[in-house]
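Each reported figure results from applying straightforward, stated rules to the coordinates on display, with no laboratory input. Because the structure is predicted, anything quoted here is derived from the model rather than measured. Don't worry about glycine lacking a Cβ; one is built from the backbone with ideal geometry, like all the others, and counts go over all protein chains shown.
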Amino acid sequence: MEAKRWTVQIYLTGDGDETHARAVLTTRDTATVTGRGAARRNPDDRPVPEIGDELAASRALEDLAIRLHDVAADDIVDMAGPVRA
């Protein structure tokens, strides 16, 4: 059985108290799928950039998972019904 390799790259950008993340899934068989997430530091919290990175990245991955599920659902609909010759 051939192993497949899917790659997710997470891109993080920050602007002041805001962090934005973009998670990009690349496979051999499909176009890329992208999820996005953001985090904003509460002004009363200590400035710990890693927490913003973690929150934004996790939200981008969650969005990516939803979008990938939608792609799979669309593929199922496209394949439903009798096999066409």
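Descriptive notes on the structure:
- Counting only DSSP H runs of at least 4 residues, each contributing -39500 (n - 2.57), and dividing by the residue count of the chain, the helix-based mean residue ellipticity at 222 nm comes to -13000 deg cm²/dmol.
- Those trypsin sites (Lys or Arg not before Pro) in the stretch 16-77 that DSSP places in a loop and that have at most 12 other beta carbons within 10 Å: Arg28
- Each peptide in 9-18, 71-80 receives the mean, over its residues, of other Cβ atoms within 10 Å, and ordering these scores from highest gives 9-18, 71-80.
- Dipole axis of the chain (+1 Lys, Arg; -1 Asp, Glu on Cβ), positive-most option in Val48, Ala65, Val77: Val77
- Within the stretch 44-76, backbone nitrogen closer than 18 Å to the virtual label 7 Å beyond the Cα of Asp17 toward Cβ: 44-56
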